[in-house]
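*Asks:* Structure incoming, see below.
The values are calculated or read from the model by the stated rules, or taken from the named source; none is laboratory data. The shown structure was predicted, so the numbers you read here are calculated from the model rather than taken from an experiment. FYI the Cβ positions are ideal-geometry reconstructions off the backbone, even for glycines, and counts take in every protein chain you see.
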Amino acid sequence: MDRVLLVEDSDYKRSRVQEFVVSILPGVHLDVAASFNSAAQALDTGRYELVVMDISLPTYDRSPVESGGRFRALGGRELARKIVRRRLQSRIVFLTQFDSFSDDVHSHNLKSLADTLRADCGAQFAALIYFDSSTSSWKEQLERVLLSK
Amino acid sequence: MLAVCAESIAANEDAYGAFPLSALADYVESSSSCDIDALVVLYSYVRNVDSTRDYVLNEFYEEYLRVNGVSRPSELRLEERGREKLLLLLRDVSVPEMLDFLSVFKSSSEVRAERLKILDILLKERAIDADRHRAEVDETLLQAVIDNGAAQFNAHKIFVNDVAIRRKISDEIASLFTVYKSSSQAIEEKFITIDGAGDQDQAAAVVTGDKNTTLVKILSVVLEAFLYDDKHGLDKNLSVEIRHGFFANKIRSKLEERHLITEKDEAGNYALNEYWAGINALLTDEALEEIDACLRWFSHEFNSIISLAESWMKISNDHSDTTRVFKYEIYLDQFEPVRDHAERSVNHEELLDKVIELLWERTETHLEAMRSRIDTDLRHQVDSLFLQLIAKLDDVRGQAPIAELMGSINRTRNDIREDISAVADWFRRDGVTSISSRTLQEIVAISIECYNRLRGNQVRPSVETEQDDIEIMLDGRQVRSFLVGLMNIYENCTRHSGFGTDTPISVTLSGSSRGWSIRVSNPVTDEVLSRLEEGGLLGARERMSGPAYSQLMRTEGGSGLRKVSTQLSESIEGAKVGIDTVLGDFVVVISHG
């Protein structure tokens, strides 16, 4: 795997994932985007074999003059649908800390989210991985995707 | 049928009820035909039937612009054919929450600038009236100020987009309000129970009847949207901005940096702490095992504390969970003031304002409780956990030198207190109330910065300060109104000078111990100058000095400098706003003292 895009707004999580991806694929070209909008732009120009993305994202990159705009609870899903609609050939991994909102009745839980994303992405769906910094299982799951053809 | 449906909705938005909207939306989605009819139908479907399918509308909207060869909606050509549908597209579909899906806009400011352009087009085309235009321009300017404040001055995370929520539920509340006002109160002694009665023996019940039942329904609609709207509600905010990893990551980061916490595998077993095993490699195997057992125990206990704290950050609107801090049951004593207010309200907006205000009051109380829990309970629990770890390791220390590990634990124990305080500070409202006190110079600078960003740097007011040491401070609440007032003045300059966005604007700030003034001036075209000198200026002064501004603003929406005058004089007691023409320039002077 040569080209990977990582879409993640949390510095902490981004650096952990970045470090891990590079440890598994030492020569990889890894681009990073920190928001829905910057990821959409990166997808316009880059040809990524794999996109690893968070589910919830701010609309814009945060900076001293930009608070990030609307926080999109399912921004990763919106991006994935853009990838499919634009007929980009990237496989998609969702790496999320999303468990559920306060009440499952009102929103997705992890299982229903996986079903929705699989339906949206079809064959391009690679995995939905629950990122919990207290466990190592996300690394094992992501490694399987990174090393698969 | 698609075309007929779209035509009808463009002429009257309530006409959707006469069409099989779901079937039409399914057809549109499956056919991928992306024309204005499809967009209008999808818009009505998402608005009135299923808001969770808004992503389909987003995608069709983006595609529609692409097919029409434009990158932004303000570039669409308004032709006579299909004019009403296009105006609906601009007025109701091309709102900030839709525009921010388009990759062409690189920041929130660019989205707002586009909305301002669209509002100008709508006003020119008479698709909105001056009051609605003015109200939305104000709202947009205020959002720019809030965003600036949020990005620059604070790290508060609590945000409910009550503007978007109002827009979303306004029609439903309007209908219910009409029912409420036309209903009579039943006299029979039946009761309806309001969810979440506090004392089980004194159920929160009100006498049933059309009025009360309708009012409970109104409260439920607002409460549901305020708490659970999946784009703009509080639960979404708490989930994605705090619970969704941010909290755990923040609290764990120092521990991970210093390798004091280890990961667990899928079976729930904590990994060996290889880092400290390596540092302490010279110790006996027995001592190493004991140290590792202490660190594993610590990792487990720390994760449990995080889970408990995360459970506080959830919402409940019944009595099923007592660990949650954000509780929103409606009690009888809270229902009655709403009923009184509903009786006094002349329109649904007044009632909606009141209910949202009450919800914010309740939320502020919960935020205070949350800050207290984080700053006292969580801090205490984490601190005692560190003390227990230190005590456990002290037993090992008797047998082995582990100074480096102990030093690391003590440093982390201190550092984590700062992180806990930072997290406590997240539980404040992001936005309006969090803009901090500022000096006049800063306010002028911020107003120009916000306005520049909104207008894409096309208009860049120049600033001159006649005395450097002006130390006039305004508190946070004054700052907000004052900033919006100033930005409205700049907007007024470009709108009425006759030069449009090419209008050069000068801002001069002067002050002394006796008072201060801000002078905003801009040249105007000869035609505009004649109008001003032939009675325009006099008329504007009369309108500005007229009585009961606030009431006029409420009932008529207000306009132009009259509104600015109200915003500024209400934000600072004793502030006056004057207008004049000087050497061909139009001049606004805000003075105090």
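Each row is one residue, and each column tells you yes or no for (1) assigned to a helix (DSSP H, G or I); (2) surrounded by 19 or more Cβ atoms within 10 Å (Cβ to Cβ); (3) within 14 Å of another protein chain (Cβ to nearest Cβ).
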{"residue": "B:Glu114", "(1), (2), (3)": "yes, yes, yes"}
{"residue": "B:Leu123", "(1), (2), (3)": "yes, no, no"}
{"residue": "B:Arg126", "(1), (2), (3)": "no, no, no"}
{"residue": "B:Gln143", "(1), (2), (3)": "yes, yes, yes"}
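*Asks:* Could you please find all residues in segment A:33-80 being within 16 Å of B:Pro96 (Cα to Cα), not in a helix (DSSP H, G or I) and not aromatic (Phe, Trp, Tyr)?
*Replies:* Passing the criteria: A:Pro58, A:Thr59, A:Glu66, A:Ser67, A:Gly68, A:Gly69, A:Arg70, A:Arg72.
*Asks:* Another one. Filter segment B:236-248 for residues that are more than 7 Å from chain A (Cβ to nearest Cβ) and touching a helix residue (DSSP H, G or I) at 6+ places or on another chain (Cβ under 9 Å); which is farthest from B:Trp426 (Cα to Cα)?
*Replies:* Filtering first and then ranking leaves B:Arg243.
*Asks:* Let me ask something else. Going through segment B:26-55 one residue at a time, which ones are buried (at least 17 other Cβ atoms within 10 Å of the Cβ) and hydrophobic (A, V, I, L, M, F, W, C)?
*Replies:* The answer is B:Val28, B:Cys34, B:Ile36, B:Ala38, B:Leu39, B:Val40, B:Val41, B:Leu42, B:Val46.
*Asks:* Could I ask something else about it? Conditions: (1) within 14 Å of another protein chain (Cβ to nearest Cβ); (2) modelled with pLDDT under 90. B:Leu295 meets all but one. Number of the miss?
*Replies:* (2)
*Asks:* So, in segment A:81-104, of the ones that are in a helix (DSSP H, G or I) and within 7 Å of another protein chain (Cβ to nearest Cβ), which residue ends up surrounded by the most Cβ atoms within 10 Å (Cβ to Cβ)?
*Replies:* Looking at the filtered set, the residue picked out is A:Arg81.
*Asks:* Of the conditions (1) among the aliphatic types (A, V, I, L, M); (2) assigned to a helix (DSSP H, G or I); (3) closer than 18 Å to B:Leu389 by Cβ; (4) facing another protein chain (nearest Cβ under 9 Å), B:Ile251 fails just one. Which one is it?
*Replies:* The single condition B:Ile251 does not satisfy is (4).
*Asks:* Quick test for you: out of A:Glu8, A:Glu78, pick the one residue that is among the acidic types (Asp, Glu) and within 18 Å of B:Glu59 (Cα to Cα).
*Replies:* Answer to the selection: A:Glu78.
For every residue, the table says whether it meets (1) under 21 Å from the mean Cα position of the chain (by Cα); (2) modelled with pLDDT of 70 or more; (3) among the aliphatic types (A, V, I, L, M).
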residue	(1), (2), (3)
B:Ala422	yes, yes, yes
B:Gly431	yes, no, no
B:Leu474	no, yes, yes
B:Phe499	no, yes, no
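*Asks:* Does B:Ser170 satisfy the condition of being in a helix (DSSP H, G or I), crowded, with 18+ Cβ neighbours inside 10 Å, touching a residue at least 40 places away in the same chain (Cβ under 8 Å) and of a type in the set (S, T, N, Q)?
*Replies:* No.
*Asks:* Could you list all residues from segment B:249-293 that are among the hydroxyl-bearing types (Ser, Thr, Tyr) and either more than 17 Å from B:Pro401 (Cα to Cα) or crowded, with 16+ Cβ neighbours inside 10 Å (or both)?
*Replies:* B:Ser253, B:Thr262, B:Tyr270
*Asks:* Which ones in segment B:254-271 are facing another protein chain (nearest Cβ under 9 Å) and assigned to a helix (DSSP H, G or I)?
*Replies:* B:Glu256
*Asks:* Output the residues belonging to segment B:52-82 that are among the basic types (Lys, Arg), part of a helix (DSSP H, G or I) and in contact with a helix residue (DSSP H, G or I) (Cβ under 9 Å, 6 or more places away or on another chain).
*Replies:* B:Arg53
*Asks:* How do the pairs read when you match residues in segment B:241-262 that are within 17 Å of A:Leu95 (Cα to Cα) with residues anywhere that are part of a helix (DSSP H, G or I) and β-branched (Val, Ile, Thr), using Cβ under 6 Å and keeping only pairs 6 or more apart or on different chains?
*Replies:* B:Ala248/B:Ile306
*Asks:* Kindly check whether there is at least one residue in segment B:59-72 that is polar (S, T, N, Q), buried (at least 16 other Cβ atoms within 10 Å of the Cβ) and modelled with pLDDT of 90 or more.
*Replies:* There is no residue in segment B:59-72 that is polar (S, T, N, Q), buried (at least 16 other Cβ atoms within 10 Å of the Cβ) and modelled with pLDDT of 90 or more.
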